[in-house]
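See below for the structure under consideration.
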Amino acid sequence: MDFYETIRRRRSVRRYSDQPVPEEAITRCLEAARLAPSWRNGQPWRFIVVRDRNTIRRLTRANWGAGAINLWLKDAPVLVVACADPRPSGLKGDQPYYLVDVAIALEHLVLAATAEGLGTCWIGGFSEEKVREILGIPPHIRVVAMTPLGYPADEKGLYDRLAVVGKRQTRRLSLQEIVRYEKW
Ligand SMILES: Cc1cc2nc3c(=O)[nH]c(=O)nc-3n(C[C@H](O)[C@H](O)[C@H](O)COP(=O)(O)O)c2cc1C
């Protein structure tokens with residue numbers, strides 16, 4: 001798929017088909033994440049690939065309080081949890097670089113998934129503590145984000161339909177609104 005076509009095609013997918021996701025496709029997506037740039041090449045990202053349906057359901061239920069909106073996640077065939085080991089990372093002022101690094105790597109994974117015909121949805125609404133507990137993540141590792149990985153269902157789910165009807169959820173600002181040339 002052409003690069004710009006990949007960028008245009010990516011959207012948040014909140015309903016998945018039962019079609020299994022080939023192991024090789026998951027590996028190619030992880031490989032795309034592995035090649036991402038990072039501050040001082042610290043590569044603080046660590047990924048947990050969750051395929052066990054029961055674990056995915058437990059994660060969804062456990063996150064009810066933090067991300068009630070993400071209940072649809074329970075039917076995702078695969079969940080990739082993006083974590084960070086902050087130790088090799090540094091600070092830019094008060095901003096930790098590991099968040100930037102993991103975000104870049106996860107977006108590489110998301111775009112690779114799009115090129116594979118797979119759907120994703122960046123998930124920020126979860127309880128780090130509960131995810132940590134269920135997946136046995138050690139205390140020094142931070143949980144930054146997660147995304148389901150799977151073939152989009154033929155029909156959009158309720159949450160996707162709401163996002164599109166709501167427009168606010170998918171509309172983008174124009175270039176005129178976000179770009180300045182030479183100075184602010
Ligand atoms: C940092 C971040 C956190 C997000 N958290 C959630 C989330 O918890 N649940 C969800 O359904 N979508 C979540 N999203 C997806 C956004 O709602 C979505 O990207 C945005 O509405 C634009 O729509 P699009 O991805 O379909 O283009 C998140 C996106 C980002 C970048």
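Among the residues of the range 94-129 satisfying the criterion of being among the charged types (D, E, K, R) and surrounded by fewer than 16 Cβ atoms within 10 Å (Cβ to Cβ), which is nearest to residue 12 (Cα to Cα)?
128
Within the range 52-63, is there a residue that is modelled with pLDDT of 85 or more and not in a helix (DSSP H, G or I)?
Yes, the conditions are met somewhere in the range 52-63.
Among the listed residues 75, 85, identify the single one that is charged (D, E, K, R) and within 16 Å of the ligand (Cβ to nearest atom).
75
Just to verify a result, which residue in the range 1-18, among those that are of a type in the set (Ser, Thr, Tyr) and not in a loop (DSSP other than H, G, I, E, B), is farthest from residue 109 (Cα to Cα)?
Here the answer is 16.
Go through the range 19-47 residue by residue and tally those that are away from the ligand (no atom under 16 Å from the Cβ), among the hydrophobic types (A, V, I, L, M, F, W, C) and in a helix (DSSP H, G or I).
Residues that pass the stated criteria total 6.
The values are calculated or read from the model by the stated rules, or taken from the named source; none is laboratory data. Quick caveat: nothing in here was measured; it's all calculated off a predicted structure. In this analysis, Cβ positions are derived from the backbone assuming ideal geometry, glycine residues included, and neighbour counts consider all displayed protein chains.
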